[in-house]
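Presented below is the structure to which this report refers.
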Amino acid sequence: MVMGSSEYVIHTSSIIKFLRKKRWHFLVNSVIFVIIGVIYALLAPKEYSSSVKILPELQNKSSLGSFRALADLAGINLDNVQVSEAIRPDLYPSVLESTPFLLKVAELKIASIDLGNETVQDFLARQKSHFDLIKFNLFEGSKDIDVSKKHISKAFPSEILVLTKDRQKLLDDLSNRINASLDKKTGIITINVVMPDPIAAAWIAQYSTEYLIEYMLRYRNNKQAEQATFLVAQRNKAKNRFENAERSLRIYRDKNRNPFLNSSTSDESGLQAELLIAQNLYSELAKQAEQSQIKMKEETPVLKVLEPAKVPIMRSSPKRFQIVIGFLIASFFYSLFIQLLIYSYKKIKGVQL
């Protein structure tokens, strides 16, 4: 046990002695790595971040107390109104990851500090880092398949997107720059946009918010709106039928005032029956149309912006101090690795250490 402790102390002492002996090597490498880190931090492109916070809500039956009292007076039973399931809030971020959205962002015209209006695609092409301009054909992979539209037959479905290699790279870049996340505890959705320009970052963050809200409202209301429109149209037709039947009965009574004619009584009974049918049909369709309107109001998601987009005044990256510290730590492990290799090599060759 003591021997084990002695061996451990000797081993630790050897390491300390080794580090002291090679301290100049560690120092030189540290200086070199720090200089490289400073240069990298200064040349790295600046990025600015702008975020928006949204609180999604969905009204339910319990929130329609004011409508329920009015509906009871009108004879409408809201208990039969079914609430269909809306899109779960955790799926909202997927909307901003879709290709159609990214294509719209690419064609969006924005303003920046150093230039007027231009599309996001042109803006990012102009803002390319100097590091991205250095390309080596040696590392390029095999050529991509040419899927340009000129090689596709006219019978190709128009719903299928055809993207070039450069277009796909642009969408991948935008996908990395635009992120949406859901806080499952609070239910708050955060949209974060990172761009090389502060105005562009805030502009795209605002556009992403508007797109998400419009998409959710359109998705939720589309089906209910179609049903409501159909019921309103049928109600209007029933109303016209009821009014025509009422008018026909009134005109008939004005022309036939002799109550003793059997033919008059028979014809009037037929008109009254038609009026009753038209009245019942109109009343029922009016109730269904009102229920449909209330249901659409009930199921409409409410997306409230808690924190609007702001133009950032400080860059989000690069974090220069952290970069330099990272290079400094890397220099230590690099130097240690090199010295251990030299130590092992000399030990194998039997060179006196």
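The values are calculated or read from the model by the stated rules, or taken from the named source; none is laboratory data. The shown structure was predicted, so the numbers you read here are calculated from the model rather than taken from an experiment. Heads up, the Cβs are rebuilt from the backbone with ideal geometry, glycines too, and the neighbour counts pull from every protein chain shown.
Below is a table of values for the structure above.
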{"read-out": "Exclusive hit being more than 29 Å from Y40 (Cβ to Cβ), at pLDDT 90 or above and surrounded by 13 or more Cβ atoms within 10 Å (Cβ to Cβ), set L103, L171, L163, L78", "value": "L103"}
{"read-out": "Test: residue in the stretch 297-309 that is in contact (Cβ under 8 Å) with a residue 40 or more places away in the chain, on the phi < 0 side of the Ramachandran plot, buried (at least 17 other Cβ atoms within 10 Å of the Cβ) and part of a strand (DSSP E or B)", "value": "yes"}
{"read-out": "Single residue of L70, L42 found to be at pLDDT 50 or above and either among the aromatic types (F, W, Y) or exposed (fewer than 15 other Cβ atoms within 10 Å of the Cβ) (or both)", "value": "L42"}
{"read-out": "Residue in the stretch 192-207 that is modelled with pLDDT under 90, part of a helix (DSSP H, G or I) and within 15 Å of the chain's Cα centre (by Cα) present", "value": "no"}
{"read-out": "Sole residue being at pLDDT below 50, of a type outside the set (A, V, I, L, M, F, W, C) and assigned to a helix (DSSP H, G or I), chosen from S62, S94, S84, S142", "value": "S62"}
{"read-out": "Neighbours by Cβ (under 9 Å, 6+ apart or cross-chain): first from the stretch 239-258, closer than 15 Å to S269 by Cβ; second exposed (fewer than 12 other Cβ atoms within 10 Å of the Cβ)", "value": "N256/S263"}
{"read-out": "S112 modelled with pLDDT under 85 and in contact with a helix residue (DSSP H, G or I) (Cβ under 6 Å, 6 or more places away or on another chain)", "value": "yes"}
